[in-house]
1. Scanning for something exposed (fewer than 14 other Cβ atoms within 10 Å of the Cβ), touching a residue at least 12 places away in the same chain (Cβ under 8 Å), within 11 Å of chain B (Cβ to nearest Cβ) and more than 15 Å from B:LYS197 (Cβ to Cβ), does the stretch A:24-43 turn up at least one residue?
2. All but one of (1) within 13 Å of chain A (Cβ to nearest Cβ); (2) aromatic (Phe, Trp, Tyr); (3) surrounded by 13 or more Cβ atoms within 10 Å (Cβ to Cβ) hold for B:TYR222; state the number of the condition that does not hold.
3. Within the group B:LYS180, B:LYS165, which residue is touching a strand residue (DSSP E or B) at 6+ places or on another chain (Cβ under 9 Å), surrounded by fewer than 18 Cβ atoms within 10 Å (Cβ to Cβ) and either of a type in the set (Phe, Trp, Tyr) or modelled with pLDDT under 95 (or both)?
4. Can you tell me which of B:LEU101, B:LEU114, B:LEU152, B:LEU90 is over 22 Å from B:PRO216 (Cα atoms) and within 14 Å of chain A (Cβ to nearest Cβ)?
5. Give the stretch A:44-59 a look and list any residue that's within 11 Å of another protein chain (Cβ to nearest Cβ) and either touching a Phe, Trp or Tyr at 6+ places or on another chain (Cβ under 9 Å) or among the polar types (S, T, N, Q) (or both), or say none.
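The values are calculated or read from the model by the stated rules, or taken from the named source; none is laboratory data. Predicted model, so just to flag it, every value in this text is computed and none were measured. When we count neighbours, we look across all protein chains shown, and the Cβ atoms used for this are built from the backbone with ideal geometry, even at glycine.
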Amino acid sequence: MEVFIEKTGETKNVSFSGTAKALLESLRVNSEEVIITRNNKIITLDQQVKDSDSIKVLSVISGG
Amino acid sequence: MRCKECPEPAIIENPQLCQAHFTDYFESKVKKSIDEFGLIERNEKICVAASGGKDSVTLLYILKKFGYDVEAIAIDEGIHGYRDRTLRFLKKFCSENKIRLRIYSYEKEFGKSLDKTVKKGEPACNTCGTLRRHLLNKHSEKYDKVATGHNLDDESQAVLMNLLKAQKKLFSRQGPKTRKIKGFTQKIKPFYFLKEKEIMVYAFIKGLNVPFSECPFARLSYRSKVRDALNKYELIYPGTKENILNKYLSIRSFDNQETNSCTKCGSPCSGLECKACRIQQRIASET
C-alpha cells in the first residue's frame, strides 16, 4: 500500500495487512501525534487496512 | 468501532464519535469554554493571533461561524521556508472567508528577520516568542481581546515546562483567559480544553486543508522535548494532559503581575525595561 507521511513529506510503499494501530507501530509513529485517513476518510486505530488502500498519516502537532 | 451515540462508524477513539456527533461535540465544547470562562461578549471585537497553522486557522473559522466580530493579526518573523509558506495559506484563507488580516514583520519593526538574528547568535525560540508577543500586544490595542489557538496539548506542556523550570510567575499566568492588566490586551484561548488531535479532525472534516509546516527551529526548543515526553506518557496513561490542566486550574493562584512601565516602550514589566526592548537593543548592536 501507499502510505503518505505528512510530517516528512515522504510516500512509502509498504506491504501490510492489519489494523491502523499496528501500521503506525510498524512505522514507529506515536498515534497521539497523527490522524490516519484511508482513501481520504478518517479512520480509527482499530480499522483494518490492506494493500489496495491509500493511507495518509497526517500530523496533528503544531509546527511552531 | 461505532459511534457511542449512533450506529455510524466512529472517526475518533476518544471521544468515540462519528463525524456528525464529533462536529456537535467540538462546537459545543468551544461554546462552553467561551460561556463558562466569559471569553467573548457579543459586542466585542476580537483579533485572532494567526500563524496560518491548523489551530489559528480553525479558530478563525469557528469564531466567524459563531458570528463573532473577528479579524486576524499575523507576525512575519522572517523564517525562510516556513513562515512565508504559512502566511501564503493564511492570506488565501482570510481572503476567501472575508476576514481582515494585518501582517507585521520583524524586518520592518526591528530591522532584522529572525533568521538574521539567529545567525548572530540569539536563541531562536526565546527571542521569537518575546518579540512576537510584544508585536501582538502593540498592534492589538484597538481590539477587546486577542484569541489564540492554544489548545490542551500546548497548555499542559506549558504547565509542565513552568513547573520543571520553577517559573513561579509564569505558572500563575496561564488559563483560558488572562487577567485584565493595564497595557496588555486580554488574551483568550477558546481551544483550551480541546486536544490538538480534535482540532485536526475538525479542520479535516470542514475541509480547511491547512498544509503542515514545521518551523526549522522548533526541534531545538525545550517545549518539543516536553511535548514528545508528554505524548509518550499520554499513550500509556490516557487522560494525562487533561488531568494536568484540571489539577492546574484547581490550584492556580494569581501573583501580583507587573506594575512598572518599560522606560523605552511603556509596556508593563517587572523591571525598568521590558524583555522585548532589551532584545531589540542587543539586536541593534549586532552588526
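1. yes
2. (1)
3. Working: B:LYS165 fails: touching a strand residue (DSSP E or B) at 6+ places or on another chain (Cβ under 9 Å).
Among B:LYS180, B:LYS165, only B:LYS180 is touching a strand residue (DSSP E or B) at 6+ places or on another chain (Cβ under 9 Å), surrounded by fewer than 18 Cβ atoms within 10 Å (Cβ to Cβ) and either of a type in the set (Phe, Trp, Tyr) or modelled with pLDDT under 95 (or both).
4. Details: B:LEU101 fails: within 14 Å of chain A (Cβ to nearest Cβ); B:LEU114 fails: over 22 Å from B:PRO216 (Cα atoms); B:LEU90 fails: over 22 Å from B:PRO216 (Cα atoms).
Answer to the selection: B:LEU152.
5. Initially, the stretch A:44-59 is screened for residues within 11 Å of another protein chain (Cβ to nearest Cβ), giving A:44-47, A:56-59.
Answer for the stretch A:44-59, where residues must be within 11 Å of another protein chain (Cβ to nearest Cβ) and either touching a Phe, Trp or Tyr at 6+ places or on another chain (Cβ under 9 Å) or among the polar types (S, T, N, Q) (or both): A:THR44, A:GLN47, A:LYS56, A:VAL57, A:LEU58, A:SER59.
Condition check ((1) over 30 Å from B:THR127 (Cβ atoms); (2) modelled with pLDDT under 95; (3) in contact with an Asp or Glu (Cβ under 7 Å, 6 or more places away or on another chain); (4) in the same structural domain as B:PHE184 (by TED's automatic domain parsing)) across all residues:
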site: B:GLU44; (1), (2), (3), (4): yes, no, yes, yes
site: B:VAL48; (1), (2), (3), (4): no, no, no, yes
site: B:LYS54; (1), (2), (3), (4): no, no, no, yes
site: B:LEU60; (1), (2), (3), (4): no, no, no, yes
site: B:LEU63; (1), (2), (3), (4): no, no, no, yes
site: B:PHE66; (1), (2), (3), (4): yes, no, no, yes
site: B:GLU71; (1), (2), (3), (4): no, no, no, yes
site: B:ALA74; (1), (2), (3), (4): no, no, no, yes
site: B:HIS80; (1), (2), (3), (4): no, yes, yes, yes
